[in-house]
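Heads up: the structure comes next, in C-alpha cells.
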Amino acid sequence: MKRIHEKIEKVTAGNLQVLKRERWLQYLVLTEERRVNLERISSVADRENKVLAYVCRTLELLEGLKIENCDDAVILAETLKWCEVAKCGLPHKRTEWLKNGYNLFAHNLGSAEIYRAENPAAQNGKLIYTLIRTHGLVGQYIRGEVPLGDNKALHDLIVSGVADGKRLKTLLSALNYCVIGAADIGLWNSVAKDAESAIGKIVAGDFQERDFKLRLKALRGKSIANGEDFEAEYAKLQEGELQRIEELIENAELWYVEAALYDFTFTECIKILIFLRVFFAERENKEKANGGNARYISFEPLMNCLYYDYLGKKRINVYKKRIIEAYLAAISLEDILAGKRPDFPHGGHEISADEKVDDTFFFAFTFSPAGEKLIGFCVEAEKAGAFYEKAVVLLFDLFELRRDRFDRFNNEERYLSQMNDAMNHKKVLLDYITGHSVLDIGPGGGGLMDLIEGNRPDLKVTGVDFSRNVVEMLRKRKQKENRKWDIVFGDALELAKTFKRGEADTIIFSSVLHELFSYIPYEGEKFNAGTVEAALRSAFDILPPGGRIIIRDGIKTEPEEQNRILRFRSGDGILFLKKYAADFLGRKIMYAVTGHNEAILPVSDAMEFLYTYTWGEESYVHEVQEQFGYFTPTEYRECIKRVIGTGGRIAEFKHFLQSGYADALLPKVDIFDESGRAVPFPDSTCIIVIEKKFQEV
C-alpha cells in the first residue's frame with residue numbers, strides 16, 4: 001500500500017515516468033474526462049482530478065483497515081486501483097475501448113473489461129475482475145437502482161470454488177466500506193447495516209427481490225429524508241401507472257437517479273420514469289423483438305445538466321429546473337401513458353443511446369436554442385452582476401414562470417430565511433386571530449404558520465398558495481419537521497372552490513395582497529385595484545359570522561401631494577433611483593434631481609423607492625415589478641366598504657413605519673420635507689382587521 005501512495009505522489013509531483021509501468025494510474029491521470037457523481041462534491045469548477053482524488057481516498061480507507069491477510073489486501077488494492085478507470089482515459093483510448101465493446105457508461109462493467117485486457121494472466125484475476133465488475137452494486141441496491149440479483153456473479157465465486165463464503169464476506173465488507181466511505185463517510189455510517197445485510201444475502205445466495213414499493217421507496221430515499229411524504233404520494237398512483245413503473249424498474253439498472261432526481265417532486269419523478277417505459281414499449285413494438293429493452297438507464301446527462309458553480313459552490317441550476325418543472329406540469333400521467341408529449345415550445349426530453357453500446361440509454365431534458373442561450377446568459381450575468389435582473393425578467397417571460405417572492409432563483413433560500421427571520425414583526429397578528437381555524441394566504445417559507453403553531457397550538461392552520469413550488473416545498477418541510485399545519489394548492493381570488501363557507505374563522509393576508517395586485521391580471525390588467533377587492537371578497541364570502549380577515553401589507557402616505565427630499569450619502573443612491581424610476585412597472589415614479597446626490601419625490605413614490613432601496617440589488621429584479629403600497633389609508637377604507645357593505649366592520653386600522661427600515665436606510669440616505677426640515681421616513685406598513693357581523697335576528 002505504501003508503494004502505491006509513493007507512485008501517486010511521484011506523479012502528482014510531475015514524474016510521469018511512473019505511468020509507463022502503472023497503466024491504471026496512466027488512465028486516471030491522462031484524461032480529459034471528468035465523469036463523477038456531482039452530488040458528492042462541493043464545487044463543479046474545481047480543477048482537481050476528482051476521480052483520481054476519489055481513488056486515493058478509497059486506498060487511504062483501505063490502509064486504515066489494516067487487513068491481516070496480505071493476499072486479501074493486495075486483491076482489494078488492485079480492485080480499487082482499477083475500479084474507476086472507465087471514467088477516464090484520453091479520447092483515442094476511450095474510442096478504442098468502445099470499439100472493443102466495453103461499456104464505459106456503466107463504469108463498473110467497462111473498468112472490469114479494461115482490467116482483464118491489461119492483466120490477462122494476473123494472480124487472482126477472476127476474483128479481482130468480478131469484484132471490479134460488481135463494485136458499487138451493493139450501494140445501488142440499497143438506493144433501489146438495481147436488483148440484488150445483479151450481484152449473482154459474486155456468489156458464483158463461491159460455487160466455483162474461487163473463494164469461500166467467509167473470505168468473500170470479508171472482501172465485500174472492506175470493499176464497500178472503501179467505495180462508499182470515500183464518497184461520503186457519513187453516507188457509509190448511515191448505510192453500513194444495510195450493506196452488511198445485503199452482503200450476507202449475496203454470500204448465502206439469497207437473491208429474492210424486495211417488494212416493488214420498497215424498491216421505489218429506496219429510490220426516493222433522499223427525497224423522503226428531505227420531507228417527502230412517500231406513503232401519501234404512492235397512494236395516489238393508479239394501477240396502470242404502477243404497472244409501467246414496475247416494468248421499467250424490474251428490467252433495468254438505473255444510474256445516478258438520486259443525484260439527478262432527488263430535488264424533483266414524487267410526481268415529477270414518476271412522470272420521467274413513465275416517459276422511459278413508454279419509450280421502450282414503443283421501441284419493442286417497432287422492432288418486434290426484445291432489442292428495445294434497456295439493460296442500463298443512465299441519468300448522468302440530466303445530473304450534469306442540473307449542476308453548476310455559483311459563487312464558488314456547486315448549486316443546482318434552478319433556471320433549468322424551473323423550466324423542467326413547467327414542462328412536466330404541462331402534461332398528465334394519463335397523457336404520458338397514452339404516448340403524448342407536452343405542448344411546450346421551449347424544451348423537451350430525449351432518450352438517447354450510444355451507437356457502440358446498444359443496451360445503455362440516457363435520459364436528459366433539452367431546451368430550445370433561445371432558451372439555452374438565455375439560461376447561459378443568466379448564469380454569466382449573475383457572475384458579473386451586470387444585467388442580471390433584466391436577464392431573469394426575460395427568462396420569466398419566455399417560459400411564463402411565476403414571478404413572485406418564491407422564484408428568486410439563487411437567493412431564494414436566503415430570501416425565505418429573511419422572511420421567516422422577520423416573524424417577530426408579525427407576531428402582533430396573533431392578537432387578532434379569532435375562532436379555531438386559520439388560513440394563511442401566500443405563506444412563502446411558512447414562517448407565519450410556524451409562529452401561529454408555536455404560540456397557538458390549539459388552532460388549525462392551513463397555508464394556501466397558487467405556486468406548486470411553494471406547496472411542494474412546504475409539504476416536504478411539514479413532513480420533515482413534523483408540523484401540525486397543512487398546506488393546500490388554491491387560488492386566493494376563488495377560495496370558495498377550495499373551502500366551504502364557515503370552514504375558516506380567520507383569514508390572513510400577510511405581505512401578499514400587494515403581490516396579487518402586482519402580478520395577477522384582473523379583467524386583463526395588472527396593478528388593478530380590482531384584484532385586491534376580488535381577494536378580499538373571496539375571503540369575506542367564506543367567513544362565518546364573527547370571522548375575521550387580517551391584512552398586513554404596504555400602505556401609501558396621505559396627503560399624496562406632499563413631497564420628500566432624499567439626500568444620499570453616496571453617488572450610488574442617485575444612480576439606484578434613476579435606474580429604479582426607469583424599471584419600476586407599477587406606475588410612473590416622479591422625481592427631480594435637486595442637487596448633488598439629492599432628489600425630490602412625491603411622498604408615496606419616496607416610500608415605494610425606499611422599500612426597494614432597503615432590499616438592495618439581489619431583490620431588485622422582483623421589487624421593480626411589485627408595487628408595495630397600492631392604497632392610501634382613505635382608499636383602503638373605501639375599498640373595504642365596497643367589499644363588505646353593511647355585512648362587516650373594520651375592527652382595527654393602523655399604519656406605521658416598520659421597525660428595521662429606518663435602521664437599514666439611515667446609513668444610506670437622509671430625508672427632509674420641502675422646507676428642508678428632517679422628517680421621519682414615510683409609513684411602510686398597515687395592519688387592518690375586518691370582522692364579519694352576526695346577522696341581526
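Values quoted throughout were computed directly from the atomic coordinates according to the rules given, and no laboratory measurement underlies them. Everything numeric in this text was worked out from a predicted model, so none of it was measured. As a convention, Cβ positions derive from the backbone with ideal geometry for all residues, glycine included, and neighbour counts pool all protein chains shown.
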task: Quote the charge dipole size of the chain about the Cα centre in Debye, to the nearest 20; the model charges only the Cβ of Lys and Arg (+1) and of Asp and Glu (-1).
output: 1320
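Given Cβ point charges of +1 (Lys, Arg) and -1 (Asp, Glu) and nothing else, what value in debye, to the nearest 20, does the dipole of region 107-221 about its Cα centre take?
I would put it at about 220 debye.
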query: For Rg/Rh (Cα atoms, Kirkwood Rh), the listed values are [x] 1.00; [y] 1.37; [z] 1.06; which was obtained by calculation from the structure presented?
result: [z]
task: Sequence neighbours fewer than 8 away in the same chain don't count; with that in mind, list the aspartates and glutamates whose C-alpha is under 13 Å from LYS217.
output: GLU145, GLU228, ASP229, GLU231, GLU233, GLU246, GLU258
- prompt: If you place +1 on the Cβ of every Lys and Arg, -1 on the Cβ of every Asp and Glu, and leave all else neutral, what size is the dipole of region 187-334 about its Cα centre, to the nearest 20 Debye?
  reply: 520
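What FRET efficiency comes out for the pair ASN482/HIS596, r = Cβ-Cβ distance, R0 = 56 Å, nearest 0.05? Could you put the intermediate results ahead of the total?
Details: r = 57 Å, r/R0 = 1.02.
It comes out at approximately 0.45.
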query: Taking neighbour Cβ counts within 10 Å as the exposure measure, how do MET449, MET303 sort from fewest upward?
result: MET303, MET449
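Neighbouring Cβ atoms within 10 Å as the yardstick, rank GLU241, GLU145, GLU558 fewest first. Walk me through the numbers on the way to the answer.
Numbers: GLU241 19, GLU145 24, GLU558 16.
Sorted ascending by nearby Cβ count, the order is GLU558, GLU241, GLU145.
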task: Would you tally the net charge around SER111, using a Cβ to Cβ cut-off of less than 14 Å, leaving SER111 out, and scoring K and R as +1, D and E as -1?
output: +3
- prompt: Taking θ as phi - 60°, what are the ³J(HN,Hα) couplings along region 562-578 by the Karplus curve (6.51, -1.76, 1.60), each to the nearest whole Hz, with x for Gly and Pro?
  reply: 6, 10, 9, 9, 10, 10, 7, 6, 9, x, 4, x, 5, 5, 4, 5, 4
- prompt: Count of lysine pairs in region 84-179 with Cα atoms under 26 Å apart, counting only pairs 8 or more residues apart in sequence or on different chains?
  reply: 10
- request: Please tell me the relative contact order of region 56-189 in percent, rounded to the nearest whole number, where contacts are Cα pairs under 8 Å and at least six residues apart.
  value: 28
Listed residues GLY339, GLN238, TYR27: farthest to the positive end of the dipole of the chain (Cβ charges): TYR27
message: Can you give me the angle between helix 318-329 and the longest principal axis of the chain, using Cα atoms only, in degrees from 0 to 90, rounded to the nearest 10?
response: 90
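When a/c reaches 1.5 or more, the comparison of a/b and b/c decides; with that in mind, is region 216-268 rounded, prolate or oblate per its Cα gyration tensor? All intermediate terms of the calculation are to be shown ahead of the outcome.
Working: a/c = 2.20, a/b = 1.12, b/c = 1.96.
Oblate, since a/c reaches 1.5 and b/c is not below a/b.
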field: Rel. contact order, % - alpha carbon contacts under 8 angstrom, at least six apart, the chain
entry: 9
message: Positive end of the dipole of the chain, charges at C-beta (+1 Lys, Arg; -1 Asp, Glu), about the Cα centre: which of PHE653, PHE279, ASN100 has its Cα farthest in that direction?
response: ASN100
message: Between region 104-169 and region 359-374, what is the separation of their alpha carbon centroids in Å?
response: 34
